[in-house]
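J.: Sharing a structure below in structure tokens format, with a few things to ask.
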Amino acid sequence: ASAPASAPACAPACVPHAPCLAPSHPARIAQAFAEKLAAVPLFARAIEAAADDSASQAFLERLSSYVEAKRVPVGSLIIRKGEIGKEMFFLVEGEVEVLMMLDHTPVATLQPGTAFGEMALLREEPRNAYIRASAGVPDPSGDALAADMVHLLVLSREGLRQVVEQFPSVQAALAVRG
């Protein structure tokens with residue numbers, strides 16, 4: 001299978017403290033996302049396994065083409081504890097909270113630039129926590145009644161599988177299971 005024709009749009013504006021991921025900057029989207037991927041321990045291991053620097057860069061760039069943007073209203077669950085995960089997330093704008101039980105205090109609050117849920121790309125195991133959108137940015141429609149939104153980038157297990165098939169050294173390092 002081939003990669004999507006173009007990089008998806010992800011956020012309506014640049015985030016001041018993060019690389020610009022605005023849709024008006026598609027080249028920056030791929031580059032910034034490749035940098036974010038390289039910072040995730042799971043992918044750092046894969047980069048080390050790549051044959052050389054050009055192979056690791058090609059892997060990251062190809063993988064970034066499989067990312068999809070998602071907006072989630074504040075208060076919504078992004079990950080449900082106990083469900084089998086099929087994707088990982090990168091927080092672009094807003095905040096999310098990590099909860100072991102829905103009616104308890106969060107154990108952590110994640111900020112923009114954070115990746116979460118990456119083990120779902122490798123293993124078909126139940127998620128070990130809830131992740132809930134906790135603080136967002138205003139809806140770009142300008143509707144004052146619209147809920148604040150958390151902006152995410154999503155990478156699916158299937159997207160990862162399709163890319164690693166083209167990079168045998170990376171596939172072996174990740175031991176990706178379909």
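The values are calculated or read from the model by the stated rules, or taken from the named source; none is laboratory data. None of these values were measured; they are calculated from a predicted model. Virtual Cβ from ideal backbone geometry, glycine too; neighbours counted across all protein chains shown. What goes into the accessible areas is simple: the full protein's heavy atoms, side chains included, and nothing from ligands, DNA or RNA. Shrake-Rupley method; radii C 1.70, N 1.55, O 1.52, S 1.80 Å.
J.: Please indicate, with yes or no, whether at least one residue in segment 95-115 is outside any loop (DSSP other than H, G, I, E, B) and closer than 19 Å to A34 by Cβ. Before the answer, list the steps.
T.: Step one: filter segment 95-115 for residues outside any loop (DSSP other than H, G, I, E, B), giving 95-99, 108-110, 115.
With the extra rule that they be closer than 19 Å to A34 by Cβ, the set shrinks to 115.
Within segment 95-115, one or more residues are outside any loop (DSSP other than H, G, I, E, B) and closer than 19 Å to A34 by Cβ.
J.: Just one of K86, K81, K70 is open to solvent by 60 Å² or more (accessible area, probe 1.4 Å) and in contact with a helix residue (DSSP H, G or I) (Cβ under 9 Å, 6 or more places away or on another chain); which is it? Show your work before the answer.
T.: Details: K81 fails: in contact with a helix residue (DSSP H, G or I) (Cβ under 9 Å, 6 or more places away or on another chain); K70 fails: in contact with a helix residue (DSSP H, G or I) (Cβ under 9 Å, 6 or more places away or on another chain).
Matching residue, one of K86, K81, K70: K86.
J.: If a residue must be in contact (Cβ under 8 Å) with a residue 60 or more places away in the chain, assigned to a strand (DSSP E or B), of a type in the set (A, V, I, L, M) and more than 17 Å from D148 (Cβ to Cβ), how many such residues does segment 66-94 contain?
T.: Residues that pass the stated criteria total 1.
One line per residue, one yes/no per condition, for (1) surrounded by fewer than 17 Cβ atoms within 10 Å (Cβ to Cβ); (2) among the aliphatic types (A, V, I, L, M):
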site	(1), (2)
L63	no, yes
P112	no, no
A135	yes, yes
S141	yes, no
